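The structure under discussion appears below in the form of structure tokens.
The values are calculated or read from the model by the stated rules, or taken from the named source; none is laboratory data. All figures in this text were calculated on a predicted structure; none of them were measured in a lab. Because the Cβ atoms are built from the backbone with ideal geometry, glycine has one as well, and the counts that use them run over all protein chains shown.
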Amino acid sequence: VFLFWHYNNLNIITFKHWIILANLPYVPTSEYKKLQPEITKYEPRAAVDGGKDGLKYYRELFQQLNQFVTSYKLHITCFCEIDPRQTDSFKKLARQYFSKSKVTIIKDLSGRNRVAKIIFGLVLPKK
């Protein structure tokens, strides 16, 4: 997901509408030991542990995206997997970085909030 600064020497800014899929670690550190053994035994902790509140890596992503959108005047749709319990704090975080964003929550097959869709950046003309 943090490809922007790694590839900044390429001419990747020619696209004005970007779609980003982010499945970043979102489990709060305090919840890590409570996860199923299949996860704690076989998944690297770095792939699961999202910091104190589970939103550490989303903060980093949003900070980078905010700089990117501001510098290159892009329109971005970002899909982020979240823990259902993080819905309100995730929406608040998204709006801190992108005040004019549209945040929509999509439910999983169990009916729980699972994906946040955030639309922000340059407003594209309607066709």
Quick check on the range 69-79. Is at least one of its residues of a type in the set (S, T, N, Q) and within 13 Å of Ala116 (Cα to Cα)?
yes
Does Pro44 satisfy being out of contact with any Pro (no Cβ under 8 Å at 6 or more places or on another chain) and within 22 Å of Ile119 (Cα to Cα)?
no
Conditions (1) hydroxyl-bearing (Ser, Thr, Tyr); (2) part of a helix (DSSP H, G or I); (3) at pLDDT below 95: number failed by Thr87:
(3)
Scan the range 65-80 for residues that are assigned to a helix (DSSP H, G or I), of a type outside the set (Ser, Thr, Tyr) and surrounded by fewer than 15 Cβ atoms within 10 Å (Cβ to Cβ) and jot them down.
Gln67
Pairs needed: first member in the range 98-127, at pLDDT 95 or above; second member anywhere, surrounded by fewer than 11 Cβ atoms within 10 Å (Cβ to Cβ) and not in a strand (DSSP E or B); C-beta distance under 6 Å; at least 6 residues apart or different chains.
none
Would you confirm whether or not the range 61-74 contains a residue that is charged (D, E, K, R) and closer than 18 Å to Val27 by Cα?
no
